[in-house]
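Down below is the structure, laid out as structure tokens.
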């Protein structure tokens, strides 16, 4: 039975990984410009163009359907492929390293954690590198099969929990949960659950304090790195030195075409 489920899961993964046409939302950043802006520890969000990307974008609402962790030269220093600089969880190949060319032609966004020390960054990237070779979570075939419906009729409040592809096996991961686990390993916040409690201070009986609780890693989506208050959005066009006076504009008057039936 286990072999049959594994075979079915792999077949579904291959089908869902096939690309589909996606209308672009803006110009694509070139790989060279993108690479010039990246630092180890950055999270690269990607607007995917596969069947499963359509479902993930529906379930989480935003543009981003995939995430990869930039580890830079840390991968080569650990004995990995010197031409690769990202760690990602791929549906068919599992946790793997890839180069910048993997995201050529895709719309991307750089999310940078603020305040990481060098030692923290090393621990973060080492966690991801140590998981190379782990498999994508395909154990729950029923959960995976629901992605065959690109836009299932699910109420908004339940959609996030549908992302928890849950075998519960720590050696398996999906793209955003792997990165969430890496940041949780150094106790860096993404979108923690915030509670309040009495500060229990004799000098201030009415004072309260915020307490953060860790959100389970299976409930993270790529968009969470975008909306997190602890990550800075880096835009390569601005980082390269943007001057609006240097732009070339076409001042030819626009004439709208009128179709006569």
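Please treat every number below as a calculation from the coordinates, not as lab data. What you see is a predicted model, and the numbers here were worked out from it, not measured in a lab. With ideal geometry, Cβ positions are generated from the backbone for all residues, glycine too; neighbour counts draw on all protein chains shown.
Summary table
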{"read-out": "Simple spin-label estimate for residue 200 and residue 30 in nanometres, 7 Å along Cα-Cβ", "value": "5.9"}
{"read-out": "Three-way shape label, the range 76-129, alpha-carbon gyration tensor, a/c 1.5", "value": "oblate"}
{"read-out": "Extension gain (nm, one decimal) between residue 250 and residue 101, 0.36 nm per residue minus Cα-Cα", "value": "50.5 nm"}
{"read-out": "Contour minus Cα-Cα distance for residue 39 and residue 119 (0.36 nm per residue)", "value": "27.4 nm"}
{"read-out": "Residues residue 77 and residue 232, FRET efficiency given R0 of 41 Å [Cβ-Cβ distance, rounded to 0.05]", "value": "0.95"}
